[in-house]
Amino acid sequence: MAYVRDIELLLNYCNRYYDRQFYTRAKVNADVVQRFEALLKDYFNQEGLIEVGLPSVTYFASQLNLSANYLSDLLQKFTGKSTLEHIHLELVERAKSMLWGTGRSISEIAYELGFGHPSHFTKVFKAKTGKSPREYRATA
């Protein structure tokens, strides 16, 4: 049993060492967060999301020269949200303005945002807002 305690102690030290880098490099990490947010906005401002599709965590991590796990950990420490949550929140914000400001169908909006299937769009939208796109449009 002494070996188990030793391994647990070693793993605890590793975790503390890993977490410490987020606090000791705060300025550098804040710059990465800003660059990520700019990349996210640029991605959704480009034309042709129908062809390109939804962005992945791996895409943004490679653009920032980081691993996907490290980027998610970094964003989680600084913003309280993972990379995927940031992507989904940006999608939902864009979807809200499209639902409110246009008469396009929900399927058209889903495809325009890069979703392959409107049902996936509806699932993500409802998970983040608590309402389906149709319900949101009716109350907006």
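Quick one: Ser67 ticks every box in (1) free of Cβ contacts under 8 Å to residues at least 12 places away in the same chain; (2) of a type in the set (Ser, Thr, Tyr); (3) within 26 Å of Tyr136 (Cβ to Cβ) bar one, so which box is it?
(3)
Return the pair list, or none, for Cβ contacts closer than 8 Å from residues in region 123-140 that are closer than 17 Å to Glu85 by Cα to residues that are modelled with pLDDT of 90 or more and among the small types (Gly, Ala, Ser), at least 6 apart or on different chains.
From region 123-140, the pairs are Phe125/Ala95; Phe125/Ser132; Lys126/Ser132.
Any idea which of (1) modelled with pLDDT under 85; (2) in contact with a His (Cβ under 9 Å, 6 or more places away or on another chain) is the one Glu37 doesn't satisfy?
(1)
Return the total of residues in region 82-136 being outside any helix (DSSP H, G or I) and among the polar types (S, T, N, Q). Spell out the reasoning first.
Initially, region 82-136 is screened for residues outside any helix (DSSP H, G or I), giving 82, 102-105, 113-117, 130-132.
From what's left, among the polar types (S, T, N, Q): 82, 102, 105, 132.
Number of matching residues: 4.
Considering only residues that are surrounded by 19 or more Cβ atoms within 10 Å (Cβ to Cβ) and out of contact with any Leu (no Cβ under 8 Å at 6 or more places or on another chain), which ones fall in region 91-117?
Answer for region 91-117, where residues must be surrounded by 19 or more Cβ atoms within 10 Å (Cβ to Cβ) and out of contact with any Leu (no Cβ under 8 Å at 6 or more places or on another chain): Val92, Leu99, Ala110.
Could you list, in sequence order, all residues of region 30-58 that are among the β-branched types (Val, Ile, Thr), closer than 12 Å to Leu71 by Cα and surrounded by 13 or more Cβ atoms within 10 Å (Cβ to Cβ)? Let's see the steps before the verdict.
Residues of region 30-58 among the β-branched types (Val, Ile, Thr): 32-33, 50, 52, 57-58.
If we keep only those that are closer than 12 Å to Leu71 by Cα as well, we get 32-33, 57-58.
Within region 30-58, Val32, Val33, Val57 meet the criteria.
What are the pairs, 6+ residues apart or on separate chains, where a residue within region 3-21 that is under 15 Å from Leu74 (Cβ atoms) has its Cβ under 9 Å from a residue that is at pLDDT below 80 and not aromatic (Phe, Trp, Tyr)?
As it stands, the answer is Gln21/Asn29, since those pairs meet every condition given.
Going through region 59-81 one residue at a time, which ones are surrounded by fewer than 16 Cβ atoms within 10 Å (Cβ to Cβ) and in contact with a Ser or Thr (Cβ under 8 Å, 6 or more places away or on another chain)?
Gln76
Only one of Ile7, Ile50 is in contact with a helix residue (DSSP H, G or I) (Cβ under 7 Å, 6 or more places away or on another chain) and either at pLDDT 85 or above or in a helix (DSSP H, G or I) (or both); which?
On the way: Ile7 fails: in contact with a helix residue (DSSP H, G or I) (Cβ under 7 Å, 6 or more places away or on another chain).
Testing whether each residue is in contact with a helix residue (DSSP H, G or I) (Cβ under 7 Å, 6 or more places away or on another chain) and either at pLDDT 85 or above or in a helix (DSSP H, G or I) (or both) leaves just Ile50.
Between Ser107, Ser82, Ser97, which is over 17 Å from the mean Cα position of the chain (by Cα) and under 30 Å from Ala30 (Cα atoms)?
Numbers: Ser107 fails: under 30 Å from Ala30 (Cα atoms); Ser82 fails: over 17 Å from the mean Cα position of the chain (by Cα).
From the options Ser107, Ser82, Ser97, the qualifying one is Ser97.
Take the conditions under 15 Å from the mean Cα position of the chain (by Cα) and over 30 Å from Lys131 (Cβ atoms) and apply them to Gln34. Does it pass?
Yes: the conditions hold for Gln34.
Quick one: which residue in Val52, Val57 is more than 11 Å from the chain's Cα centre (by Cα) and touching a residue at least 12 places away in the same chain (Cβ under 8 Å)?
Values: Val57 fails: more than 11 Å from the chain's Cα centre (by Cα).
Val52 is the lone residue from the list that is more than 11 Å from the chain's Cα centre (by Cα) and touching a residue at least 12 places away in the same chain (Cβ under 8 Å).
The values are calculated or read from the model by the stated rules, or taken from the named source; none is laboratory data. Worth saying up front: this structure is predicted, and the values here are computed from it rather than measured. Positions of Cβ are generated from backbone atoms using ideal geometry, with glycine treated the same way; all protein chains shown enter the neighbour counts.
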